[in-house]
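Here's the structure, in structure tokens; my notes come after.
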Protein chains: 2
Amino acid sequence: MCPQPDELTNGHETNGHANGTNGSNGSNGHSNGANGSRNGYTGIETNTNPRPHASNPYAPVGDFLSNVSRFKIIESTLREGEQFANAFFNTETKIKIAKALDDFGVDYIELTNPAASEQSRLDCEAICKLGLKAKILTHTRCTMSDARIAVETGVDGVDVVIGTSSYLREHSHGKDMTYIKNAAIEVIEFVKSKGLEIRFSSEDSFRSDLVDLLSIYSAVDKVGVGRVGVADTVGCASPRQVYDLVRTLRGVVSCDIETHFHNDTGCAIANAFCALEAGATHVDTSVIGIGERNGITPLGGLMARMIVADRDYVISKYKLHKLKEIEDMVAEAVEINVPFNNYITGFCAFTHKAGIHAKAILNNPSTYEIINPADFGMSRYVHFASRLTGWNAIKSRVEQLDLELTDEQIKICTAKIKAMADVRPIAIDDADSIIRTFHLNLHSQHEKPLLPNLSPEEQKKFEAKERELRGEKEERDLEKTADMQAKVSDALEEVPKSKKRELELDNGDAEQESPKAKKGSRSSRRTSGKEAA
Amino acid sequence: MCPQPDELTNGHETNGHANGTNGSNGSNGHSNGANGSRNGYTGIETNTNPRPHASNPYAPVGDFLSNVSRFKIIESTLREGEQFANAFFNTETKIKIAKALDDFGVDYIELTNPAASEQSRLDCEAICKLGLKAKILTHTRCTMSDARIAVETGVDGVDVVIGTSSYLREHSHGKDMTYIKNAAIEVIEFVKSKGLEIRFSSEDSFRSDLVDLLSIYSAVDKVGVGRVGVADTVGCASPRQVYDLVRTLRGVVSCDIETHFHNDTGCAIANAFCALEAGATHVDTSVIGIGERNGITPLGGLMARMIVADRDYVISKYKLHKLKEIEDMVAEAVEINVPFNNYITGFCAFTHKAGIHAKAILNNPSTYEIINPADFGMSRYVHFASRLTGWNAIKSRVEQLDLELTDEQIKICTAKIKAMADVRPIAIDDADSIIRTFHLNLHSQHEKPLLPNLSPEEQKKFEAKERELRGEKEERDLEKTADMQAKVSDALEEVPKSKKRELELDNGDAEQESPKAKKGSRSSRRTSGKEAA
């Protein structure tokens, strides 16, 4: 009854990933070194931790059930996605999306039921004729009439679904499961007789009776269904529930297990991950997650999750740098904006702001990034122009602008930028302007205003802030702020040179900072500590 | 070593929720009936399932560790949120947001480190003076200098944080943990001596060494820290990892456990939920999740997750109908659009489109909704105008428009709408226009075009579609489509009258549909089934 790993993955191409190598998230989720394209993304090797990868006992290693390192994607933008409120895909758009998904490397593309409308049927036929690498599926109800239409379209497989929850059954099919089983078996055998793949899924699985579920899954498995599907149709499932159900199911059927998660309660990505940990083989996705209500597991979000779990598998299989293009294409087609916080491609996904964060990122991105933006053809952005800015970020910017300033001067300039940021929001070019003017003023007799377009009131406010910073409250600012920033973040200053060279925003000479100054600031902290005790 | 439930919640106000009643997600997540405001949101009681609540053996019941039914929120929009790339909160905005969060009912409001800038300190003081019900916290580094500034601002508590991962330690604090422990204990005792709450958190906890983590948490627990914090600073943690770590920690410390999850890999909400299941007491949130990179657990998303787990607790504690207002306020302040797929308040959160879905929702919303939009002052929207539209949705719309059409006529009209939706995207008012014109044409001699603004080409295309639908391909459309729609969804037609009256979009006479027609369609399916077998 407990299937062996090989049984669990019938229909899988071997991709050289031995079972048991998955589940590396927990340390930094990346295997260590060797791969030259992974600049800065290994954990930092240290004497006490020569293999940062293995440092966390909570990283699930060697779980034979897990398919985290060999999952497959059933991309449903052209089925679930078509149920999104704003979706209206014409044939041309559907073909464009299908080609892009195929190029990206998804394993399956699922299309709307050809019985839904005549156009749906024609589009299905058209996409089947494209000759894509991805297998084409269509999603139908568990009826012979739908199945008959589906098998004529040229698809590689049919995904049938039927409601199994008690209220659907009782009001629709009578009190026993025999009817559902017979209908399912009939459809399965018909589709198989046409030489096509067949999946049988329950609907609303997490509100269905467990015994009924296992009973029907077991029955369809016995007649040779290719995959069974578990669907959280209303988005109510939580990760540990998903793990438990899929793990149980894994012991009951020997076919593949597909999973489909809605995101109403924010668990669609996490649930997909837990399902794979428990032995599911396939995950349904859509681009930007579009679907009924607020949608399902997003393709990009799943990539973000899985690259942290097994980067080698993900980058070997999917053209990640195409992600943004596909998302933009679909967003345009359904007339939405890509959310600001979208996984990987959202405008702030790799933006760093707080002083400590920005400093650390400059030294080693893996300190505050678990995903390398370059894997997706994206780049990071360190935010300079805020009152949370640290002088190290400004120092890096000064070097980018090719200006010569001492650390002391940079600290003063940073204080001015922070004072200005307290007066009004400043953009990155404002920060540049302040830095340049500050530099100019050092070598000029006539002091220019730091920003050309300051109103007299703003100038007055700024001067007051500066006086505050420089003058009476000296204890709490400028040198001290700068020192504290240095204190906390100089932790990261000794990062090996080799690492630094790899960084996009290099501030190579950070190490030349006076060790004395560091010592000084540290001991002053200890002193003030003693005063308090 | 295994703390009893009462020990685990020191500092909790009793709210009348006995331990062990939590974790009801899994069935439909709602306790059954009784509460009149929960129209349509109980599971459907049936003979075989009189208590739908208890039907799923995977619903975690009576787990004594779980705090799912008595969690607290530490709202960090004014701290983590201020680290969001676009955030620039002036004093006025901060005060507005703090007041709104307080009104909503969050337990704590966390503010930016007053040592970060002079303005941050002044803003902190100003918010402390507002006399809010929520406790005010500030977030500082684990240093006496920061702590001294913090305790002078009038806050109720101080949240200190220090990096504990091996690379931070080795390059910063030396190889032993003694230094960190001493620094932490010094700060903790100082803050406690001022009569304030104190939290100690590690940074990047899921990439820290477990033994070091437990060791430092145990040490600070012994000197009486109020809460320890677990932070997934880079967003790498997965739900089962979180559960395991928090569960272990729960056995090590007797204080409260706060959790902070970034959303880089899409698990911030799921991780927070699993942490609560494992015994964590507090969850950090921000409005719309804003924070470093793509942010942290969003307040609204957490509400969506938790209302499914324990609706009574959530609606008794938080003013959910204020959620949208707060989100709009913050979105405006940081100049972002609320994402289309935002939990609960996104434009598509309660929009239903596919024929089967829309029909079922009209009969009983809990069939395809796990959250009642009315709980949040929102309403649902059933999408009529698409080629996936079912005739039941159109029927409901016809009734809303107060037009008289027979079921047969409605089916024909639906076919016309679907044909039109194949020609071009149609808005809901287009659908209304088609319905009205169709109704008018029935009683008029001159047939008007269904849409006034159709181009000649569109009209030609539409007529071709219609001919297709009506004529040669009769097997595959119109009656058949309509019948199939009826077949699949009449499952839900026998919903008790009492339930129906509660629905927003009532289509009360659905039951009067001819039982013969239903029988007919069912048996025809059986017949075609036999042909195939």
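The values are calculated or read from the model by the stated rules, or taken from the named source; none is laboratory data. Remember, predicted model here, so these are calculated numbers, not experimental data. Every residue, glycine among them, receives a Cβ derived from its backbone with ideal geometry; neighbour counts consider all protein chains shown. SASA here: full protein model, heavy atoms, side chains in, ligands and nucleic acids out. Shrake-Rupley method; radii C 1.70, N 1.55, O 1.52, S 1.80 Å.
Odds and ends about this structure:
- Heavy-atom accessible surface of residue A:443, to the nearest 10 Å², is about 140 Å², with a 1.4 Å probe and all protein chains retained.
- Summed residue charge, Cβ within 15 Å of residue B:245's Cβ, Lys/Arg positive, Asp/Glu negative: -3
- Burial of accessible area (probe 1.4 Å, heavy atoms of protein chains only) in the range A:300-347, relative to its chain alone, reaches at least 40 Å² for A:305, A:339, A:340, A:341, A:343, A:347.
- Of B:395/B:461; A:322/B:96; A:418/B:322; B:72/B:222; A:96/B:411, pairs whose Cα-Cα distance is over 31 Å: A:322/B:96; A:418/B:322; A:96/B:411
- Take every pair of alpha-carbon atoms less than 8 Å apart whose residues are at least six positions apart; their mean separation over the length of the range A:63-333 yields a relative contact order of 22 percent.
- 3J(HN,Hα) from dihedral phi, the range B:137-145, Karplus parametrisation 6.51/-1.76/1.60, rounded to Hz, x for glycine, proline: 10, 10, 10, 10, 6, 7, 10, 5, 5
- Residue A:211 - accessible surface, heavy atoms, 1.4 Å probe, Å² rounded to 10: 100 Å²
- Largest to smallest accessible area among B:329, B:303 [probe 1.4 Å]: B:329, B:303
- Interface B:A - total buried accessible surface [probe 1.4 Å, Å², rounded to 100]: 12300 Å²
- With label points set 7 Å from Cα along Cα→Cβ, the inter-copy distances at residue A:131 are 7.9 nm, sorted shortest first.
- Probing with 1.4 Å while keeping every protein chain in the model, the per residue accessible area of the range A:63-333 equals 23 Å².
- Modelled label reach - residue A:443, point 7 Å along Cα→Cβ, the range A:389-424 residues with backbone N closer than 20 Å: A:395-414
- The phi-based Karplus calculation (6.51 cos²θ - 1.76 cosθ + 1.60; θ = phi - 60°) puts the 3J(HN,Hα) values of the range B:219-231 at 5, 6, 4, 5, 8, x, 5, x, 9, 9, x, 10, 10 Hz, whole numbers, x for Gly and Pro.
- Here residue B:153 sits with roughly 10 square angstrom of accessible surface, probe radius 1.4 Å.
- Interchain or long-range residues, amide H under 5 Å from residue B:72's placed H: B:282, B:283
- The H on the amide N of residue B:295, modeled in the peptide plane, is under 5 Å from the matching H of B:263, each at least 5 residues off or on a different chain.
- Shape category assigned to the range A:63-333 from the gyration tensor of Cα positions, a/c cut at 1.5: oblate
- Placed amide H near residue A:136: partners under 5 Å, 5+ positions off or other chain: A:109, A:156, A:157
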